[in-house]
Amino acid sequence: MAEISTSTADILLLLGAGALAGAVGSAGGITSLISYPALLAVGIPPLPANVTNAVALVASWPGSAMGSRPELRGQGSWLRHWALLTAVGGAGGTALLLLTPTGVFGRVVPFLLVFASLALLLQPRVTSWQESHHSRANRFLLPFGLFAVSVYSGYFGAGAGVMILALLLLTVDQHLARANALKNMLLGMADVVSAIGFALFGHVHWTAAAPLALGLLGGSTVGPSITRRVPGKVLRVLVALAGIGLAVRLWVAPI
């Protein structure tokens with residue numbers, strides 16, 4: 001497949017879209033809601049755009065880490081404990097995308113997004129209920145949930161952040177800024193593994209990935225500071241609405 005030529009206007013569009021997507025995503029929103037359509041807008045077909053987007057998203061990881069240093073302090077041990085699980089899940093999703101027809105998850109993903117968005121909205125009540133109803137199922141929710149979302153992240157990824165954020169708020173930390181920082185790091189691990197797989201076996205439009213990644217790196221350093229300043233209730237509603245909006249879009253036009 002030939003590399004699509006990228007004009008100066010396309011590069012500027014991808015830089016700007018990357019910066020906005022990085023800020024939104026690292027603040028708890030949906031990065032691919034902005035970055036993926038930008039790749040389509042410069043003429044890249046859907047499947048290569050998905051692969052290119054996955055590779056560029058790696059740039060959000062160091063940016064988010066730099067922007068979330070206060071929230072990540074003392075979390076190294078916890079992150080190392082769960083990093084391998086997310087990496088394996090990301091690898092599985094990448095293999096699934098490379099080996100199976102696009103669209104296998106097309107009708108399932110919107111329901112997952114709606115479920116995660118509602119869980120995000122209802123998180124305080126759900127957490128309160130969980131604390132008063134301890135069960136064996138609660139202990140398995142985090143590992144199974146992380147693995148499942150990591151597989152989805154490797155396969156397509158749009159909305160994976162909302163799913164992981166809801167999961168972490170329910171099982172790990174009710175403080176939204178800290179849960180968001182942990183989400184960024186775990187998702188980054190899955191993104192790195194996926195990017196390696198796509199770079200080796202997929203078709204990446206590098207001339208588009210480079211400016212998009214540069215924008216993502218800059219924007220993702222800003223997002224965590226937004227999370228600290230916006231009231232938790234407001235941010236929770238905004239992220240949930242974005243998730244529901246993406247679910248509707250993916251239902252109308254499945255991946």
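The values are calculated or read from the model by the stated rules, or taken from the named source; none is laboratory data. Just so you know, these numbers come straight off a predicted model, no measurement behind them. All Cβ positions, even for glycine, are placed from backbone atoms using ideal geometry, and neighbour counts span all protein chains on display.
Anything in the range 29-47 that is out of contact with any helix residue (DSSP H, G or I) (no Cβ under 7 Å at 6 or more places or on another chain) and farther than 17 Å from residue 253 by Cα? List them, or say none. 43 - this is the single residue of the range 29-47 that is out of contact with any helix residue (DSSP H, G or I) (no Cβ under 7 Å at 6 or more places or on another chain) and farther than 17 Å from residue 253 by Cα. Mind checking which residues of the range 40-52 are at pLDDT 90 or above and assigned to a helix (DSSP H, G or I)? If the condition is that a residue be at pLDDT 90 or above and assigned to a helix (DSSP H, G or I), then 52 is the only one that fits. Screening residue 56 on (1) modelled with pLDDT of 90 or more; (2) surrounded by fewer than 16 Cβ atoms within 10 Å (Cβ to Cβ) shows it passes everything except condition (2). Among the residues of the range 215-223, are any part of a helix (DSSP H, G or I) and at pLDDT below 85? Yes, the range 215-223 has at least one match. For the range 172-183, the count of residues that are within 24 Å of residue 118 (Cα to Cα), β-branched (Val, Ile, Thr) and assigned to a helix (DSSP H, G or I) is zero. Sub-7 Å Cβ pairs linking a first residue in the range 8-20 that is over 8 Å from residue 211 (Cβ atoms) and of a type in the set (A, V, I, L, M) to a second residue that is at pLDDT below 90 and in a helix (DSSP H, G or I), at least 6 apart or interchain, are 13/38; 13/41; 17/34; 17/35; 17/38; 20/34, ordered by first then second residue.
Is it true that some residue in the range 24-37 is modelled with pLDDT of 90 or more, of a type outside the set (Lys, Arg) and buried (at least 18 other Cβ atoms within 10 Å of the Cβ)? Among the residues of the range 24-37, not one is modelled with pLDDT of 90 or more, of a type outside the set (Lys, Arg) and buried (at least 18 other Cβ atoms within 10 Å of the Cβ), which makes the answer no. Considering each residue of the range 141-154 in turn, none proves to be surrounded by fewer than 12 Cβ atoms within 10 Å (Cβ to Cβ) and either modelled with pLDDT of 70 or more or closer than 18 Å to residue 30 by Cα (or both).
Taking the range 229-244 as the range and being assigned to a helix (DSSP H, G or I) and either surrounded by 15 or more Cβ atoms within 10 Å (Cβ to Cβ) or without any contact (Cβ under 8 Å) to a residue 12 or more places away in the chain (or both) as the test, the residues that pass are 229, 232, 233, 234, 235, 236, 238, 239, 240, 242, 243, 244. For the range 214-243, how many residues meet the condition of being within 15 Å of the chain's Cα centre (by Cα), hydrophobic (A, V, I, L, M, F, W, C) and closer than 24 Å to residue 121 by Cβ? Of the residues in that region, 3 qualify.
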